[in-house]
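Taking it in order: structure first as structure tokens, then the write-up.
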Amino acid sequence: MENFVTADLHLGATSLRVGFRNNILSTSINDITTRTITYSAVIGVTTEWISLNPSRKADNSARIISALY
């Protein structure tokens with residue numbers, strides 16, 4: 001089981017992303033159970049590189065690359 005929670009703190013065009021990650025792995029082989037529990041803190045900085053104006057049509061040669069996985 002894996003849990004991942006983040007929150008963005010907006011500071012103008014830049015945001016500070018803070019989060020918490022929890023990973024629990026349990027295996028059972030030959031009546032032996034093993035559990036691994038991991039906790040992590042996540043800190044990141046995000047920024048807006050491209051500003052799009054809704055009233056102006058986007059250029060066809062422009063591409064938006066998303067870093068969300």
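The values are calculated or read from the model by the stated rules, or taken from the named source; none is laboratory data. Here the structure is a predicted model, which is why all the values come from computation and not from measurement. Every residue, glycine as well, gets a Cβ built from its backbone with ideal geometry; the counts of neighbours run over all protein chains shown.
Numerical summary
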{"read-out": "The stretch 19-44 - residue that is within 11 Å of Phe4 (Cα to Cα) and of a type in the set (A, V, I, L, M) and, of those, surrounded by the most Cβ atoms within 10 Å (Cβ to Cβ)", "value": "Val42"}
{"read-out": "Test set (1) in a loop (DSSP other than H, G, I, E, B); (2) at pLDDT 85 or above - Leu16 fails condition number", "value": "(1)"}
{"read-out": "Positions within the stretch 19-62 being at pLDDT 90 or above and charged (D, E, K, R), in sequence order", "value": "Arg21, Arg35"}
